[in-house]
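The values are calculated or read from the model by the stated rules, or taken from the named source; none is laboratory data. These numbers were taken from a predicted model, which means no experiment stands behind them. Cβ placement follows ideal geometry from the backbone for every residue including glycine, while neighbour counts extend to all protein chains displayed.
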């Protein structure tokens, strides 16, 4: 029979059990911690050895030559005070930045009208404040790929965006991975329903910067052999298990086909096409596809661990590579400058999960640096004022 007294007894019992669990857990933690200390055991995230190697160190806070960042994201550009970013750009020697997220956070709303409004406000903000320092890309909602007027409306959006001042189209990585049509079928990168978009960009003379897939280890089993295991531990949603996603090779093949099928369209294969760990493959890719360029956003860690191979690659393909950073953070640019410009040895990357290895400088020739930093981008974006680089 229920009574307040019985209720108190039950409550006291549960509290007693909880206290016992907390005590046992605390004792277990202390014992495990003591055993780890005694046996000199630690987590890989804790291990941060200080190198005793004595080598030349030439950290750089600004680039040797002025540069254009062709791969940046500022989701709130429609309402953002741009003066703070411009001040940081001046410190870095960045003369021009391209915001690929012209439609801002509205990109994830599935509402093209909101995306278009955000784009207009972003372009207005730039024009009224720093018209010579920023470029803005338009974004499209591809979820309506089955709509009967999808191609026509997409082309109209592109045309209107260019009239307003957009200088390119950014395609996000959901295409080829988790974007599905009305039947629940994955939309392939080379889906023919998207062809009118690529052809419209060719007619409008704007490049398409496309991010397809992820680094190849993100598609591999997460085990002791995966060199991006720490990334999987910290950011598990970044990985693409085979029971839910296509293989890395499948996505890359689809992207290759799309590039090949639209030779009149200029494409910028983001993140060196996730082939910075296989530069021979990337070289063949560029050889086969004269309409494709690339940029180094988020892959400086791959380049810095193979300085001799990467240096020769930059020399061989000096007219096809541009500077990009991806996530904007002023304090991280110094690693890019140091890898590209110096011959320093054995220095740290800024984010451990991107690679547990050390960086080495490529010491690129000045003319190659100039092309990487701004000359190649000026060729693709004629609206950028080249007087900024004199």
(request) Restrict the check to segment 109-125 and report whether at least one residue is within 22 Å of the chain's Cα centre (by Cα), within 30 Å of residue 200 (Cα to Cα), at pLDDT below 95 and in the same structural domain as residue 346 (by TED's automatic domain parsing). (result) yes
(message) What's the total number of residues in segment 187-231 that are surrounded by 15 or more Cβ atoms within 10 Å (Cβ to Cβ) and out of contact with any helix residue (DSSP H, G or I) (no Cβ under 9 Å at 6 or more places or on another chain)?
(response) 1
(message) Can you name every one of the helices (runs of 4 or more DSSP H) wholly within segment 243-311 that holds 3 or more residues which are in the same structural domain as residue 335 (by TED's automatic domain parsing) and farther than 21 Å from residue 334 by Cα?
(response) 248-261, 279-288
(message) Considering only residues that are assigned to a helix (DSSP H, G or I), closer than 15 Å to residue 257 by Cβ and touching a strand residue (DSSP E or B) at 6+ places or on another chain (Cβ under 9 Å), which ones fall in segment 195-239?
(response) 198
(request) Being touching a residue at least 60 places away in the same chain (Cβ under 8 Å), under 13 Å from residue 373 (Cβ atoms) and assigned to a strand (DSSP E or B) is the filter here, so list the residues in segment 314-342 that pass it. (result) 322
(request) Kindly provide the set of residues from segment 167-180 that are surrounded by fewer than 17 Cβ atoms within 10 Å (Cβ to Cβ) and in contact with a helix residue (DSSP H, G or I) (Cβ under 8 Å, 6 or more places away or on another chain), ordered by number. (result) 174
(message) Criterion first (more than 23 Å from the chain's Cα centre (by Cα), assigned by TED's automatic domain parsing to the domain that holds residue 78 and closer than 29 Å to residue 382 by Cβ) does residue 189 satisfy it?
(response) no
